[in-house]
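To start, the structure itself, in structure tokens.
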Amino acid sequence: MRSLLLAFATSLALALPAAAQDAAPPVPVATVQTGLAAVIAQNAGAIAKPSRQTIAPVIAALGQAGAGAPDFLQAWADKKLGARKSDGAIFRVTKSADGYALADPATGADLGTAAKAEIAEIKPNAGVRGLIASALIQFQLSDPDPKTRLAALTALARDGAAEHLAPLAASIETEADPAIKAQKERLLGLLTIRFGATPEARVAAIEGFGADLGLDFRAALNPILATSRKVFNEAPSGNVALTLTPGKPGFSEAEAYDLLVTEGLAPKRLSSADLRAALESHIENNAVGGVPVTELADPGKREAAYAALEAAGKVPAGATDAEVSAAVAQTRFADIYAEPDPTVTDAAKAALDAVSLKVSAMQGADLTLDALSLASIYFLAAIGLAITFGVMRVINMAHGEFITMGAYTGYVVQQFISDYTISILVALPLAFAVTFAAGVAMERLVIRHLARRPLETLLATFGISIALQQLFKNIFGTQARPLTAPEWLDGAWVLNDIVSISYIRIAIFALALTFLGLFLVVMKRTRLGLEVRAVTQNPSMAASMGINPDRINMLTFGLGSGIAGIAGVAIGLFAKVTSELGADYIVQSFMTVVVGGVGNIWGTLAGASLVGGLQKGIEALNPSNTLAAQTYMILFIIIFIQFRPRGIIALKGRAAGD
Amino acid sequence: MTHGFLTKNPSVLIFLGLLALFTLTVTLLSNAYGVEVISTSMVKTLGKTLCLCLIALAMDLVWGYMGILSLGHFAFFGLGGYMIGMWLMVARTREIVLASATGLPMTPQELNDAIATQIFGVVGTSQMPAIWAFAGSLPAQLALVVLVPGLLALGFGWLAFRSRVTGVYLSILTQAMTLALALYLYQNDSGLRGNNGLSGLQNIPGLDWAGQDRLSVWFLWASALALGLGYLACAFTVSGKFGSVMRAIRDDEARVRFLGYPVEGYKLFVFTLTALIAAIAGALYYPQAGIINPAEIAPIASIYLAVWVAIGGRGRLWGAVIGAAFVSMVSTWFTGGRAPDLNLAIYTVKWVDWWQVLLGLSFVSVTLFAPKGLSGLVDLLAGLRPPQRRGAPLGPDDGALMEQEARQ
């Protein structure tokens, strides 16, 4: 507070003598005029009626006028200035009920009020406001409020210009916040690459970034390396990126000639459509150039007719192939950089090459993450299927519907519990319970009666699948139901501009790992696991050892279905919950089981990794076409089965023989 | 030989007689040749149903008699449809292009370009893909109707049977095959118009003068003829020694192999033969349906095929035909919204919504309680009662009780 008072006193002391010297022009209210006030007064007319073409020097002068300038410019941009109609003096105005409250334009001191009719509001257009905002940035860069500084940096990053270089560089030294300082330095580098005064400075700036992965760095480099294809009569001049030879791969003779045509250096070639149009407009007595119209279905006859018309001088001569070749041979073609300085383009090219190498490495890493997350989804979806198939040799076609059932359970739970975190925590065990019950019911009612008839079981479970799917449609409707993830799962873990993975997928990965561990513990450390393994290997031998295979079958089926329900909740968090949710994953789950081999959790894991990795890998080769990726993946699996008919990890011994 | 074959299989004559009677009745009730009781669209539905019966025959042969639960036969059906559809589309478009041409007569190149633009405008190209090379010629495309699905079945079957993929593995693999094909066809650059499919197939080029009324009856005749011939072929295949080996493979593949029979050869032959029958059925089906798109090939269609055969009664050719006809007609009736709502006190059952549930559950009950399906009803009338063996083989290790059952 004291420093403010002191500053005010100093400015008063300085201003007083200046006012004495400054007699003109008469401004009755503002008695002191210096710095900003003087600049405002001098340019009052231009400020009141700004034009985008001419206002730039005025804004520059205002920007350098010293204290108060940022506030004044801001007020100007916010349309809070007014000009007094009688003498054109500028004020800050605030609209009130009966007129305007006036304030000094430079200091903001209160200057009373004025009637509505006395003041004309100043409303600069959008172009002028843009110029003002650009001038304001230099002040905002040193603004005490970090938010304003950040906003200014964002604005600069969007459309920085050469004149921002100096203020930005100046503001770095005084910057206290290390994060903002780093951002400023980066922005300074980027701006130097684009607008640096000397090529040396720009090259140094480019090299300063090294192989930086930021999109902004590449965005700054790319315009430097932009080329345009040009035509030369002698040796190519300018900053040549590449000399082109027509006929070589990547630059055909036709392309070369088209370039000549667009440059207006050669006549157009006669296309078949032009030929047809020319002939049609010269039909006389059912003939063109002496050739009867009915014969003109033959391309040779058409050429002859056109030649006849050409000889008669009725049509312009089209360029023949020989002429095209000659014209192309006479001319040189080259790609020319828009950037004239070769040292800059060389440095940019080297930097971009280094970056793209790193980018492809990072893309590989990103792809691996994607594949891992897809594999964990498939693993979760397939693990239940693999268990039931391993133990009972039963393919459960309704497995997909159990996944859907789990997702719908999650949806229903969210209808009752509004806190997403708690609702998910409730939904997971509840989904397990619901689908476990459904699985046990299905085993007791249907599958048990079809023992030793695997194909019929497959069909019966399919019948259940279509019935359940329609039932879901009847209950929940056909539109997608929301299953919202808790807030802490929103967003993504961003490593850099390329490698990122959403938290939901990480959670699913963790869930898959948990289930792998849980499954291993149950299988290797519990009585149930022992019995399940025994039944898997040989049901009748297990039965004679006192194990009840029916009970084991029932529990296994319930367990497999229960895991499907949990997978449903997990999948529902990122996919649309519809009655077809599970059906979308069922074929991939089958593939996972078939590829992995039955009766072994590691086989399922390997199968899921293979299927997921393969799908992502093929997608990466042809990113526009996910359908093709699935097609090729299935083809691959069909061929894979040729070499390992029992999957990656096959059971050995008598169990393998069914 | 023929005499012996027919006396051994009296059901063939009965079936052919009933089929002829059915065709004659429909013809006499049709708009074109009779008393105009059955509408043209109904005639088409009946014709399509005959085609579905034909593919159900194929399914019964490969599943009921051979024990290969193929969940991919609709891929062959669809491919047959696509092959004939290509010719229909090109020939039809050529007529349209020529009719609307003005000015100079077109060069062959221009004609091709115009046809390609017409056909492929919807997928954003005007290039005729290479697979359409023979689409201009009817004999070539008719040959492709059997060649393409036949070769696919041969290649796939050879790969699958050679590595002894059996049981549910094979079912899943055939399902994967049809899914791969459907996904491939869904792409716009597959050359078969992506998910637009081929359309306008009901207009037969050069037969505009006949009108849909007569065309529908002709197609009914063709479908009935194909079904009759297909039934004869299937009945011939399953009777005699070949049929015995087929059933033996179904019941115990390993024993047949140990007896010295080339099991893989038998399987491959039957798989390919049924694929051909399916393709012919498809080639007759889609000109009546008018449109074909990749959704027709989706795995679910092939599973429904298995449902028809199971409900009709597998292991009997006429059972499969009855199943396909019955389920597809009833399904049309229920989903068409013509079935009256069932008004329970608390809830009105709208069959459009609940038909699938009913179908699924009745399918489960058929599998559980009536493994012979509808054809079991005929057995019931004839007083035949099968022993309850729950799928267990009739072998030595389960004791003499089974032998006693079998004698009953």
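Under 9 Å by Cβ, and 6 or more places apart or on different chains, what pairs join a residue from segment B:103-116 that is more than 7 Å from every other protein chain (Cβ to nearest Cβ) and touching a residue at least 12 places away in the same chain (Cβ under 8 Å) with one that is buried (at least 17 other Cβ atoms within 10 Å of the Cβ) and aromatic (Phe, Trp, Tyr)?
Sorted first by the residue in segment B:103-116, then by its partner, the pairs are B:Ala116/B:Trp132.
Show the residue pairs meeting these rules: Cβ distance below 9 Å; 6+ apart or different chains; first residue within segment B:327-355 and on the phi > 0 side of the Ramachandran plot; second residue not basic (Lys, Arg).
B:Gly337/B:Trp351; B:Gly337/B:Val352
May I ask you to say which residue of A:Val359, A:Val413 is of a type outside the set (Phe, Trp, Tyr), touching a residue at least 12 places away in the same chain (Cβ under 8 Å) and farther than 20 Å from A:Thr578 by Cβ?
A:Val359
For residues that are small (Gly, Ala, Ser) and over 17 Å from A:Ile464 (Cα atoms), scanning just segment A:400-426, find the one that is surrounded by the fewest Cβ atoms within 10 Å (Cβ to Cβ). Step through it out loud before you land on a result.
Taking segment A:400-426 as the starting set, the residues that turn out to be small (Gly, Ala, Ser) are A:400, A:406-407, A:410, A:418, A:423.
From what is left, the residues that are over 17 Å from A:Ile464 (Cα atoms) are A:407, A:410, A:418, A:423.
On the way: A:Ala407: 30, A:Gly410: 28, A:Ser418: 8, A:Ser423: 22.
Only one residue tops the list, namely A:Ser418.
Return the total of residues in segment A:84-102 being surrounded by 12 or more Cβ atoms within 10 Å (Cβ to Cβ) and within 48 Å of the chain's Cα centre (by Cα).
6
Using beta carbons and a limit of 7 Å, which pairs, at least six apart or on different chains, have the first residue in segment A:245-257 and touching a residue at least 60 places away in the same chain (Cβ under 8 Å) and more than 16 Å from A:Ala334 (Cβ to Cβ) and the second one among the acidic types (Asp, Glu) and surrounded by 13 or more Cβ atoms within 10 Å (Cβ to Cβ)?
Filtered contacts from segment A:245-257: no entries.
Taking the options A:Phe432, A:Phe436, A:Phe462, A:Phe476, name whichever one is farther than 30 Å from A:Pro549 by Cβ and in contact (Cβ under 8 Å) with a residue 24 or more places away in the chain. Before the answer, list the steps.
Details: A:Phe432 fails: farther than 30 Å from A:Pro549 by Cβ; A:Phe436 fails: farther than 30 Å from A:Pro549 by Cβ; A:Phe462 fails: farther than 30 Å from A:Pro549 by Cβ.
Of the residues listed, the single one that is farther than 30 Å from A:Pro549 by Cβ and in contact (Cβ under 8 Å) with a residue 24 or more places away in the chain is A:Phe476.
Does at least one position in segment B:202-220 carry a residue that is in contact with a strand residue (DSSP E or B) (Cβ under 9 Å, 6 or more places away or on another chain), more than 14 Å from every other protein chain (Cβ to nearest Cβ) and under 23 Å from B:Gly290 (Cβ atoms)?
Yes, segment B:202-220 has at least one match.
Please pick out the residue among B:Ala176, B:Ala91, B:Ala153 that is of a type in the set (Gly, Ala, Ser), at pLDDT 90 or above, touching a Pro at 6+ places or on another chain (Cβ under 9 Å) and crowded, with 18+ Cβ neighbours inside 10 Å. Steps first, please.
Numbers: B:Ala176 fails: at pLDDT 90 or above; B:Ala153 fails: touching a Pro at 6+ places or on another chain (Cβ under 9 Å).
Only one candidate qualifies: B:Ala91.
Any idea which of (1) away from chain B (no Cβ under 14 Å); (2) more than 23 Å from A:His399 (Cα to Cα); (3) out of contact with any helix residue (DSSP H, G or I) (no Cβ under 6 Å at 6 or more places or on another chain) is the one A:Ala620 doesn't satisfy?
Failing condition for A:Ala620: (3).
Identify all residues within segment B:1-49 that are in a helix (DSSP H, G or I), within 24 Å of B:Phe219 (Cβ to Cβ) and of a type in the set (Phe, Trp, Tyr); write none if there are none.
B:Phe15, B:Phe22
Read through the list (1) away from every other protein chain (no Cβ under 12 Å); (2) part of a loop (DSSP other than H, G, I, E, B); (3) buried (at least 19 other Cβ atoms within 10 Å of the Cβ), then give the number of the only condition that B:Gly323 fails.
The one condition B:Gly323 does not meet is (2).
Taking helices (runs of 4 or more DSSP H) that fall entirely within segment B:157-255, which contain at least 1 residues that are touching a Leu at 6+ places or on another chain (Cβ under 7 Å) and not charged (D, E, K, R)?
By residue number, B:167-186, B:211-238.
A:Leu483 fails exactly one of the following numbered conditions: (1) surrounded by fewer than 24 Cβ atoms within 10 Å (Cβ to Cβ); (2) away from every other protein chain (no Cβ under 12 Å); (3) touching a residue at least 40 places away in the same chain (Cβ under 8 Å); (4) not in a helix (DSSP H, G or I). What is the number of that condition?
Of (1) surrounded by fewer than 24 Cβ atoms within 10 Å (Cβ to Cβ); (2) away from every other protein chain (no Cβ under 12 Å); (3) touching a residue at least 40 places away in the same chain (Cβ under 8 Å); (4) not in a helix (DSSP H, G or I), only one is false for A:Leu483: (1).
Could you tell me whether any residue of segment A:252-262 is part of a loop (DSSP other than H, G, I, E, B), over 30 Å from A:Leu156 (Cβ atoms), at pLDDT 75 or above and aliphatic (A, V, I, L, M)?
no
Here is a list: A:Arg505, A:Arg444. Which entry is in a helix (DSSP H, G or I) and within 14 Å of chain B (Cβ to nearest Cβ)?
A:Arg444
Per-residue answers, yes or no, for (1) crowded, with 20+ Cβ neighbours inside 10 Å; (2) modelled with pLDDT under 80; (3) among the small types (Gly, Ala, Ser); (4) within 22 Å of A:Ala69 (Cβ to Cβ):
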| residue | (1), (2), (3), (4) |
| --- | --- |
| A:Ala117 | no, yes, yes, no |
| A:Lys147 | no, no, no, yes |
| A:Glu163 | no, yes, no, yes |
| A:Gln183 | no, no, no, no |
| A:Ala205 | yes, no, yes, no |
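Quick check on my filter: what residues within segment B:46-71 are of a type in the set (Val, Ile, Thr), under 18 Å from B:Ala235 (Cα atoms) and more than 14 Å from chain A (Cβ to nearest Cβ)?
Matches in segment B:46-71: B:Ile55 only.
Out of the residues in segment A:598-632 meeting the condition of being over 26 Å from the mean Cα position of the chain (by Cα) and part of a loop (DSSP other than H, G, I, E, B), tell me which one is surrounded by the most Cβ atoms within 10 Å (Cβ to Cβ).
This residue is A:Val598.
If you check B:Ala301 against the conditions, is it modelled with pLDDT of 95 or more and within 14 Å of B:Leu52 (Cβ to Cβ)?
No: the conditions fail for B:Ala301.
Looking for whichever is closer than 30 Å to B:Pro105 by Cα, of a type outside the set (Lys, Arg), surrounded by 13 or more Cβ atoms within 10 Å (Cβ to Cβ) and within 14 Å of another protein chain (Cβ to nearest Cβ) here; the options are A:Leu270, A:Leu275. Which one fits?
After applying the criteria, what remains is A:Leu275.
With respect to B:Ala310, is the statement that it is more than 13 Å from every other protein chain (Cβ to nearest Cβ), buried (at least 23 other Cβ atoms within 10 Å of the Cβ) and small (Gly, Ala, Ser) true?
For B:Ala310, the condition - more than 13 Å from every other protein chain (Cβ to nearest Cβ), buried (at least 23 other Cβ atoms within 10 Å of the Cβ) and small (Gly, Ala, Ser) - is not met.
Scan segment A:171-185 for residues that are in contact (Cβ under 8 Å) with a residue 24 or more places away in the chain and either part of a helix (DSSP H, G or I) or within 17 Å of A:Ile224 (Cα to Cα) (or both) and jot them down.
Selection gives A:Ser171, A:Thr174, A:Ile180, A:Gln183, A:Lys184.
Given A:Ala69, A:Ala65, which one is crowded, with 19+ Cβ neighbours inside 10 Å, of a type outside the set (D, E, K, R) and modelled with pLDDT of 75 or more?
A:Ala69
Need the failing condition index for B:Val321 against (1) over 20 Å from A:Arg453 (Cα atoms); (2) free of Cβ contacts under 8 Å to residues at least 60 places away in the same chain, just the number.
So B:Val321 meets the others, but not (2).
The values are calculated or read from the model by the stated rules, or taken from the named source; none is laboratory data. Small disclaimer: the values here were computed from a predicted structure and weren't measured. Neighbour counts run over all protein chains shown; Cβ positions are idealised from the backbone, glycine included.
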